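Note sheet for the following structure.
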Amino acid sequence: MTFDTANSGVAFGGFGEPGVSDGFGAFGVLFGVVAGIIALGFVSIIVLTIYRGKRMADRGQNPLTLQEDIAYQAMQSRTLAPEKPLERRLAELDDLHARGVISDEEHRSARAEALRG
């Protein structure tokens, strides 16, 4: 029994024969590189997400409610509060001074600051 090497390969010829492709060639290499880069991206995203979540938990923050926490803090801050009219602010300062809560010097400097805007 003899083995016919001419017909022993795949339907398009045997591997390693001149002129016969043994796989995907350059496309296979390029596909492998792109797939590796995509996989590395996914792994990086997962690792960074876990790292950030752990850091936030160490600071006492809940990563799942962070946006709501920030929004609540912003709404409670004086930065976003509407400004009081000048007359109202001056009246409050005069009231504090009349009740003795602030001294004459504090009253003068606070009025000057309010008037400067």
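Any residue at all in region 102-113 that's open to solvent by 100 Å² or more (accessible area, probe 1.4 Å) and not in a helix (DSSP H, G or I)? The answer is no, given that none of the residues of region 102-113 is open to solvent by 100 Å² or more (accessible area, probe 1.4 Å) and not in a helix (DSSP H, G or I).
Listed here are the residues, each with its yes/no results for (1) open to solvent by 90 Å² or more (accessible area, probe 1.4 Å); (2) touching a helix residue (DSSP H, G or I) at 6+ places or on another chain (Cβ under 9 Å).
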site	(1), (2)
Gln67	yes, no
Met75	yes, no
Lys84	yes, yes
Arg88	yes, no
Asp95	no, no
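The values are calculated or read from the model by the stated rules, or taken from the named source; none is laboratory data. Predicted, not measured: the structure shown is a model, and the values here were computed from it. Positions of Cβ are generated from backbone atoms using ideal geometry, with glycine treated the same way; all protein chains shown enter the neighbour counts. For accessibility, only protein heavy atoms count, side chains too; no ligands or nucleic acids. Shrake-Rupley method; radii C 1.70, N 1.55, O 1.52, S 1.80 Å.
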